[in-house]
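A short write-up of the structure that comes next.
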Amino acid sequence: MQNYKMHMLVCGGTGCKSANADQIVLNLKKALSECGMSDDVSVTQTGCFGFCEKGPIVKILPDNTFYTQVKPEDANEIVTSHILYGRKVHRLLYKDQTTQEAIEDSKHMDFYKKQHRVALRNCGFIDPGNIEEYIARDGYLALADCITSKSREEVIQIVKDSGLRGRGGAGFPTGLKWEISSRYDDDQKYVVCNADEGDPGAFMDRSILEGDPHAVLEAMAICGYATKASEGRIYIRAEYPLAIKRLENAVKAAEEYGFLGEKILGTDFSFKVSLTFGAGAFVCGEETALLRSMEGGRGEPTTKPPFPSEHGLFGKPTTINNVETFANIPVIIRQGAKWYRSMGTEKSAGTKVFALAGKINNVGLIEVPMGTTLREVIFDIGGGIKNGKKFKAVQTGGPSGGCLTEKDLDTPIDFDNLIAKGSMMGSGGMIVMDEDSCMPAVAKFYLQFTQEESCGKCTPCRIGTTRLLELLELICNGEGTLDSLEELRRLSMVIKDTALCGLGQTAPNPVLSTLNAFWDEYVAHVVEKKCPAGVCTKLLDYTIHADKCKGCTMCFRVCPAGAITGKVKEVHIIDVSKCIKCGACMDTCKFNAITRG
Amino acid sequence: MGVVKSKEDLIKLRESCRQLVKVRVQGEQIEDLTQITVFMGNSGFRSGAKEIMNHFFSKLQELGAQDIVVLQADSSGLVAFEPLVGVKRPGSEQVLFGKVNLEKADEILQDFIINGKSIDGILALTNS
């Protein structure tokens, strides 16, 4: 085996790959071979490092140097300077946001300091395409422990004691789910991994599958052992081609090494895993719809009970867990329930992965213990709001969740606290909004998504979300009244109470939570016909103030609609009927003579 | 690689696989390791520091030592003392050795680091 003196890790997540990470790998290898150092230094493509904002990332070990926003043409300098002479490439080092000092050791970066990576333990550390690197990290040992020296009941008990709750959104206790499934006997039982991640802005499942696919396979086999199932299926959306490729390779490697297949590790336990591709419908993340889709039918939910544990895939008992839930299982088995419980809060043990997106400085993937506050996540790890703007709200739980505001920032994040605040954990997407975001418009955005993704099976969701969207459009167009707001609230409650599945039941959440937290903003839209954030174009009008206008003609020249008239050194005028409210005039005016109202 | 037939085989396989990620694990635990830093830069390189560094690598490989890591740094500016080597034990200050040759490197590793003896040649300054 080759003894490398240094390792270079290049992020191979979807984000960094789209920013030319593959070329960086090639260039690094080429530069190393030109210096005759190919035998001393290895170049490995790993999964996501999480710091997507500053990608592509190149990390050098053992000295933990963290290079950000690396371009393929930087490869030569990294090799000739850092590898050959030990001189770090200063301009590529991560700079601390407040002090602007370059940080040499990634362990000292604020982004990583408060993180605790359990589900992401191997992401950005191992080569997901090399099963031996996973084995080096105790891979498949948890499975070996379970099938050689633990009874099914013991395995279930460990998972139950750990307090692990489903990471897909609902937070159902995983151990309990396994226990219920194990009670039903049948000639064929299934384990299903729900990898149909569909929330806008969420990419934790994708990153786990891309960065550590074996962890999910191992956990599925453990679940198969505990629930007496012999077949596992992963339902993954075809929109995740890289995750699919890495999973397929992982399944193949696991079969070659005998971790999947017949008589695993010389025991009587047999388990196989296959992949089913989804077409990217949001509703298929709902477990009953997912099962129908896997069976080849339309992805439409059915009423529960019967629950999948009893009557699941092809009518057989089926245990369905989310990717991140599975990724926690091998560590829990290895380190014990007590260890897992030592992290997080009493009712929500362990850690949670969040995808930070929106108007936040450090867009990326993070993992923190449950009970960390929103403030720590958004300001300490996330680095605060972009361009020094003011924080306004954060949407947790994707289109099914709700908005949390300034007053909720010190709430410790866990399943129950978020629900109590009118939002939910969901799969862990966090979209941060600043003072320039208009909340009725945000609610409209989410409703557009859920309305489009509604499968149409039940009336409350099919027609209800359409009506909600119409109301929101009225409000954003300045045609709403106070009655529209009441109607919005009433209809939301009806949909919540009557829709068939989780999609419909939670679709009104963004509306209700923004109505509660930003009532004044809605009122401004319907009574004063104003959009305080300046987003809803129908409610904006631009005015040139005669006392400040110098007649410089700048606005006249930038106006794309020809709506501005005026001569040099004379006051300009906007023709409201022609104005398309793009704001170009206001941006260009040097005398602050144009205001938006 | 054939099929892994038992848990014992898996544990054996893990031991050999650990070599694949050893350098990365060292990086993860760097504060708990004894760090040997070889100062390089153009001047260190010319003075033969690369050979000293490679010597440390191969010695550590022979010994199979897990808790000692070899790092490389830019020239410290003490060009007259190069090849310059720093040793930092967990939780303590770095000490420097100047004009290190292969024999001195062995002495640093065997006597100073592994056996914990005090040896000659420590420069009367610290590199903080």
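Just give me the residues in the range A:6-23 being touching an Asp or Glu at 6+ places or on another chain (Cβ under 8 Å) and either within 16 Å of residue A:59 (Cα to Cα) or open to solvent by less than 50 Å² (accessible area, probe 1.4 Å) (or both), in sequence order.
Looking only at the range A:6-23, we keep the residues that are touching an Asp or Glu at 6+ places or on another chain (Cβ under 8 Å), and these are A:6, A:12-14.
If the condition is that a residue be touching an Asp or Glu at 6+ places or on another chain (Cβ under 8 Å) and either within 16 Å of residue A:59 (Cα to Cα) or open to solvent by less than 50 Å² (accessible area, probe 1.4 Å) (or both), then A:6, A:12, A:13 are the ones that fit.
Whether any residue in the range A:311-321 is under 24 Å from the mean Cα position of the chain (by Cα), buried (at least 20 other Cβ atoms within 10 Å of the Cβ) and over 29 Å from residue A:454 (Cα atoms) is what I want to check.
No, the range A:311-321 contains no residue that is under 24 Å from the mean Cα position of the chain (by Cα), buried (at least 20 other Cβ atoms within 10 Å of the Cβ) and over 29 Å from residue A:454 (Cα atoms).
Kindly indicate whether residue A:338 is charged (D, E, K, R) and under 25 Å from residue A:52 (Cα atoms).
Details: charged (D, E, K, R): yes; under 25 Å from residue A:52 (Cα atoms): no.
The answer is no for residue A:338.
How many of the residues making up the range A:471-496 are in contact (Cβ under 8 Å) with a residue 24 or more places away in the chain, open to solvent by 60 Å² or more (accessible area, probe 1.4 Å) and either of a type in the set (Asp, Glu) or more than 19 Å from residue A:521 (Cβ to Cβ) (or both)? Working first, answer last.
As a first pass, look at the range A:471-496 and keep what is in contact (Cβ under 8 Å) with a residue 24 or more places away in the chain: A:472-473, A:475-478, A:480-482, A:484-485, A:488-489, A:491-492, A:494-495.
Right, trim to open to solvent by 60 Å² or more (accessible area, probe 1.4 Å) and you get A:473, A:481-482, A:489, A:494.
Those still in the list that are either of a type in the set (Asp, Glu) or more than 19 Å from residue A:521 (Cβ to Cβ) (or both) too: A:473, A:494.
Selection size over the range A:471-496: 2.
Of A:442, A:377, A:432, A:394, which residue is within 19 Å of residue A:517 (Cα to Cα), part of a helix (DSSP H, G or I) and in contact (Cβ under 8 Å) with a residue 24 or more places away in the chain?
Values: A:377 fails: within 19 Å of residue A:517 (Cα to Cα); A:432 fails: part of a helix (DSSP H, G or I); A:394 fails: part of a helix (DSSP H, G or I).
A:442 is the lone residue from the list that is within 19 Å of residue A:517 (Cα to Cα), part of a helix (DSSP H, G or I) and in contact (Cβ under 8 Å) with a residue 24 or more places away in the chain.
If you go through the range A:409-417 one residue at a time, do you hit one that is assigned to a helix (DSSP H, G or I), surrounded by fewer than 17 Cβ atoms within 10 Å (Cβ to Cβ) and in contact (Cβ under 8 Å) with a residue 40 or more places away in the chain?
Just the residues of the range A:409-417 that are assigned to a helix (DSSP H, G or I), to begin with: A:415-417.
Restricting the remaining residues to those that are surrounded by fewer than 17 Cβ atoms within 10 Å (Cβ to Cβ) gives A:416.
Within this subset, residues satisfying the condition of being in contact (Cβ under 8 Å) with a residue 40 or more places away in the chain are A:416.
So far as the range A:409-417 goes, yes, one or more of its residues are assigned to a helix (DSSP H, G or I), surrounded by fewer than 17 Cβ atoms within 10 Å (Cβ to Cβ) and in contact (Cβ under 8 Å) with a residue 40 or more places away in the chain.
Quickly run through the range A:1-19 and pick out the residues that are closer than 24 Å to residue B:13 by Cβ and in contact (Cβ under 8 Å) with a residue 40 or more places away in the chain.
Within the range A:1-19, A:2, A:7, A:9 meet the criteria.
Tell me, yes or no, whether the range B:81-93 has at least one residue that is over 30 Å from residue A:147 (Cα atoms), at the interface with chain A (Cβ under 7 Å from one of its Cβ atoms), open to solvent by less than 10 Å² (accessible area, probe 1.4 Å) and touching a Phe, Trp or Tyr at 6+ places or on another chain (Cβ under 8 Å). Let's see the steps before the verdict.
Taking the range B:81-93 as the starting set, the residues that turn out to be over 30 Å from residue A:147 (Cα atoms) are B:81-93.
Pick out the ones that are also at the interface with chain A (Cβ under 7 Å from one of its Cβ atoms) and you get none.
Scanning the range B:81-93 turns up no residue that is over 30 Å from residue A:147 (Cα atoms), at the interface with chain A (Cβ under 7 Å from one of its Cβ atoms), open to solvent by less than 10 Å² (accessible area, probe 1.4 Å) and touching a Phe, Trp or Tyr at 6+ places or on another chain (Cβ under 8 Å).
Looking at the range B:56-63, can you tell me whether even one residue there is over 23 Å from residue A:81 (Cβ atoms) and either charged (D, E, K, R) or away from chain A (no Cβ under 14 Å) (or both)?
In the first step, residues of the range B:56-63 are kept if they are over 23 Å from residue A:81 (Cβ atoms); the result is B:58-63.
Cutting the leftovers down to either charged (D, E, K, R) or away from chain A (no Cβ under 14 Å) (or both) gives us B:59, B:62.
Yes, the range B:56-63 has at least one match.
Can you tell me how many residues in the range A:218-243 are in a helix (DSSP H, G or I), aliphatic (A, V, I, L, M) and touching a strand residue (DSSP E or B) at 6+ places or on another chain (Cβ under 6 Å)?
Within the range A:218-243, the subset in a helix (DSSP H, G or I) is A:218-227, A:241-243.
Pick out the ones that are also aliphatic (A, V, I, L, M) and you get A:219-222, A:226, A:242-243.
Next, from what is left, pick out any that are touching a strand residue (DSSP E or B) at 6+ places or on another chain (Cβ under 6 Å): A:220-221.
Residues in the range A:218-243 being in a helix (DSSP H, G or I), aliphatic (A, V, I, L, M) and touching a strand residue (DSSP E or B) at 6+ places or on another chain (Cβ under 6 Å): 2 in total.
Just name the residue that is least open to solvent (accessible area, probe 1.4 Å) out of those in the range A:247-270 that are away from every other protein chain (no Cβ under 14 Å) and in contact (Cβ under 8 Å) with a residue 60 or more places away in the chain. Write out each step before concluding.
From the range A:247-270, those away from every other protein chain (no Cβ under 14 Å) are A:247-251; that's our starting set.
Next, from what is left, pick out any that are in contact (Cβ under 8 Å) with a residue 60 or more places away in the chain: A:249-250.
Details: A:249: 82, A:250: 3 Å².
It comes out as A:250.
State the number of residues belonging to the range A:299-310 that are among the charged types (D, E, K, R) and within 30 Å of the chain's Cα centre (by Cα). Write out each step before concluding.
If we filter the range A:299-310 for residues that are among the charged types (D, E, K, R), which is where we start, we get A:300, A:304, A:310.
Now restrict to residues that are within 30 Å of the chain's Cα centre (by Cα): A:300, A:304.
Going through the range A:299-310 one residue at a time, the tally reaches 2.
Please return the ranges of helices (runs of 4 or more DSSP H) entirely within the range A:113-196 where 3 or more residues are within 14 Å of another protein chain (Cβ to nearest Cβ) and over 20 Å from the mean Cα position of the chain (by Cα).
On the way: elements: A:131-136, A:141-149, A:152-162, A:174-183.
Where helices (runs of 4 or more DSSP H) fall fully within the range A:113-196 and carry at least 3 residues being within 14 Å of another protein chain (Cβ to nearest Cβ) and over 20 Å from the mean Cα position of the chain (by Cα), they are A:131-136, A:141-149.
For the range A:380-391, which positions are open to solvent by 10 Å² or more (accessible area, probe 1.4 Å) and part of a helix (DSSP H, G or I)? Quick ask: steps written out before the conclusion?
Step one: list which residues in the range A:380-391 are open to solvent by 10 Å² or more (accessible area, probe 1.4 Å), which gives A:380, A:383, A:385-391.
Result: A:380, A:386, A:387, A:388.
The values are calculated or read from the model by the stated rules, or taken from the named source; none is laboratory data. Bear in mind the structure is a predicted one, so any value in this text is a computation, not a measurement. For neighbour counting, all protein chains shown are included, and Cβ atoms are generated from backbone atoms with ideal geometry for every residue, glycine included. What goes into the accessible areas is simple: the full protein's heavy atoms, side chains included, and nothing from ligands, DNA or RNA. Shrake-Rupley method; radii C 1.70, N 1.55, O 1.52, S 1.80 Å.
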